[in-house]
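Colleague: Take a look at this one; I'll ask things after.
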Amino acid sequence: MNTSHTPAMQLEQVASLAREFKGKKDQLMLVLLKAQKITGHNALPEDVAVVIAEEMGVTKNHIYDFATFYAMFSTEKRGKHVIRVCKSTPCHVNKASNAAHMLEKTLGIKMGETTEDGQFTLEHIECIGVCDRAPAMLVDDEVYGPVTEESIPGILSKYQMQGEEI
């Protein structure tokens, strides 16, 4: 993550990235994922959406339609680490709600909220495609499962110990 650069430098990096994909709407997912890493927002701020739209030759509405469809994007700022608890049928049957409640209790937030220190955002996700590991969750891009109430503290500690090194 490139959070040490100024917002203007980040926007120029995003512009340069998006410029490479001008006229290639099918590459929007890649551009948005990389833009999130450049800005360190875990979200799509309006100024970033505008730059991507201009440089790729698409409308800002297209950017937002795309970004609001996929769970890995948000128009609101998220925590440094996004925890997504699967709520598909296999995960539900295997008590994903117990893991979700443990996460809420441990982090002191509810689903859809971000911790005060900005470290974690907690969300539900429809399915992450690892039904054989139910109940499952994602922390950023890493899959965990089967998740138990007992495994939550160990998983979280891995991300709490990382501090500002990411």
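Colleague: With the contact rule set at Cα under 8 Å and sequence spacing of 6 or more, what percent relative contact order holds for segment 81-160?
Modeller: 39 percent
Colleague: Considering only the other residues whose Cβ falls under 13 Å of the Cβ of residue 21, what net charge follows from Lys and Arg at +1 and Asp and Glu at -1? Could the numbers behind the result be given before it?
Modeller: On the way: positive: 19, 22, 24, 25, 34; negative: 20, 26, 54, 55.
With Lys, Arg at +1 and Asp, Glu at -1, the neighbours total +1.
Colleague: Given the chain, what percent of its DSSP beta bridges are antiparallel, to the nearest 5?
Modeller: Values: 7 of 13 bridges.
If I count the DSSP bridges inside the chain, around 55 percent turn out antiparallel.
Colleague: Taking the chain as a whole, which cysteines find no other cysteine Cβ under 4.7 angstrom from their Cβ?
Modeller: Singleton cysteines: 127, 131.
Colleague: Compute the label zone of residue 76 within segment 105-133: residues whose backbone N is under 16 Å from the point 7 Å along Cα-to-Cβ.
Modeller: Flagged as within label range: 109-125.
Colleague: Compare 54, 104, 150 in a GNM of the chain, Cα atoms joined below 10 Å, and give the one with the largest fluctuation.
Modeller: Evaluated over the chain, the most mobile residue of the options is 150.
Colleague: Would you please give the FRET efficiency between residue 6 and residue 26, computed as 1/(1 + (r/R0)^6) with r the Cβ-Cβ distance and R0 = 35 Å, to the nearest 0.05?
Modeller: Efficiency computed from Cβ-Cβ geometry: 0.65.
Colleague: Pop a pseudo-label 7 angstrom from the Cα along the beta-carbon direction at both residue 132 and residue 151 and give the gap in nm to one decimal.
Modeller: Computed distance between label sites residue 132 and residue 151 equals 1.5 nm.
Colleague: Still on this structure, I have one more. So for the pair residue 33, residue 50, with labels modelled 7 Å out along Cα→Cβ, what separation do we get in nm?
Modeller: Reported label-point gap for residue 33 and residue 50 is 2.8 nm.
Colleague: A further question follows. Any idea what the relative contact order of the chain is, in percent, if you count C-alpha pairs under 8 Å spaced at least 6 apart?
Modeller: Relative CO of the chain lands at 19 percent.
Read-outs: derived from the displayed coordinates by stated rules, not from any lab. What you see is a predicted model; the values in this text were computed from it and never measured. Note that we place each Cβ from the backbone using ideal geometry, even for glycine, and neighbour counts take in every protein chain shown.
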